[in-house]
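Let me begin by presenting the structure, written as structure tokens, before commenting on it.
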Amino acid sequence: MTSRRRSARPASRWIGLSVLALLGAPDLARAGPADLFHERTTISAAGERCGLFSANVAAALSAAVVQARGAALRAGVDENTLNLVEHDARTRGGRADCKAPLTQASAQRVRNAFAGFTKLTRLSYPGEVADWRADRTPAKDIRWRLVQEARFGDDRLTFGLAGQGTPGSLIAVARFADGAKPYAARLVLRDRQRSVGPYLDRVQSGSAAGLPLQKRMPPSSALTSFGAQARSRAGQDLLPKDETSGWAFRFPEAASVALSGLDPREAVAVEFMFPNDRVRRAYVEVGDFAAGRAFLKLATR
């Protein structure tokens, strides 16, 4: 199949008034980001209950739900409110009349809307500081599946999911200008069990534009970390074309799950440990990591 690269933007209002009527939802003609999240979650729940969609369309819809949630968070909707929105949406979707003509017509609208999306193999998710690039093209070699690049001082970081299949393992590949050799690495991020939301200094109207990534990290009392499970020399398949060497660190699956649960405006830190207690720290924008990870789970045909 021919690969297509596309930038992931908030989708058009593909649900429409027929679906809103089906779900008995309030008037969303002037819907905002939270309302779009409500719509997508509701039709997704109805699809799960009634078996309305193929596995691939259902997966694409799930990815769209995740992206809509991220857009709502960027717009300044707090996490607790979104949890209530999600509960209401799933309740409404769970009450849909599966055999009603309106239900079937609404489901067909969703299938039509995602007919092209399920064929995409590459997407770019723009961020405020950096982009995530997703690639679910079938391959026999190891490659980056969801990746973001960053510089920290004179050093470079490539971070994301990599593997032969998708979604891949969470990996950090670092190149140190002075040839330094780290003996360990850890991913540091907000602990959702010890905090009620992100720590974003000077954020107004949901935008964190202009806020340095290090200012998007919580205080130490609200942090958790995941140590890398493995370290090795980075293979050329994971290095940029203009680099010849680097160090690769693989993190546990739990780190991917924790990263997926963060606010897209937040940042995480990848810390590299050296002898004599030296630490070098790189920052990564959370952005649409969760949406990109969900996109990678679509079956490739």
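Values computed for the structure shown
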{"quantity": "Leu170, sole failed condition from (1) farther than 30 Å from Thr118 by Cβ; (2) within 17 Å of the chain's Cα centre (by Cα)", "calculated": "(1)"}
{"quantity": "Hey, Ser12 polar (S, T, N, Q), closer than 27 Å to Glu285 by Cβ, at pLDDT 90 or above and under 24 Å from the mean Cα position of the chain (by Cα) or not", "calculated": "no"}
{"quantity": "The stretch 205-228 - residue that is part of a loop (DSSP other than H, G, I, E, B) and surrounded by 14 or more Cβ atoms within 10 Å (Cβ to Cβ) and, of those, modelled with the highest pLDDT", "calculated": "Ala228"}
{"quantity": "Residue selected from the stretch 248-273 under the condition over 23 Å from Ala208 (Cβ atoms) and not aliphatic (A, V, I, L, M), by the criterion surrounded by the fewest Cβ atoms within 10 Å (Cβ to Cβ)", "calculated": "Glu253"}
{"quantity": "Residues of the stretch 49-86 that turn out to be part of a helix (DSSP H, G or I), among the acidic types (Asp, Glu) and either assigned by TED's automatic domain parsing to the domain that holds Pro264 or out of contact with any Phe, Trp or Tyr (no Cβ under 9 Å at 6 or more places or on another chain) (or both), as a count", "calculated": "1"}
{"quantity": "Among residues of the stretch 279-301, those that are farther than 17 Å from Leu223 by Cβ, at pLDDT 95 or above and over 19 Å from the mean Cα position of the chain (by Cα), counted", "calculated": "1"}
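The values are calculated or read from the model by the stated rules, or taken from the named source; none is laboratory data. None of the values given here were measured: they were computed from a predicted structure. Heads up, the Cβs are rebuilt from the backbone with ideal geometry, glycines too, and the neighbour counts pull from every protein chain shown.
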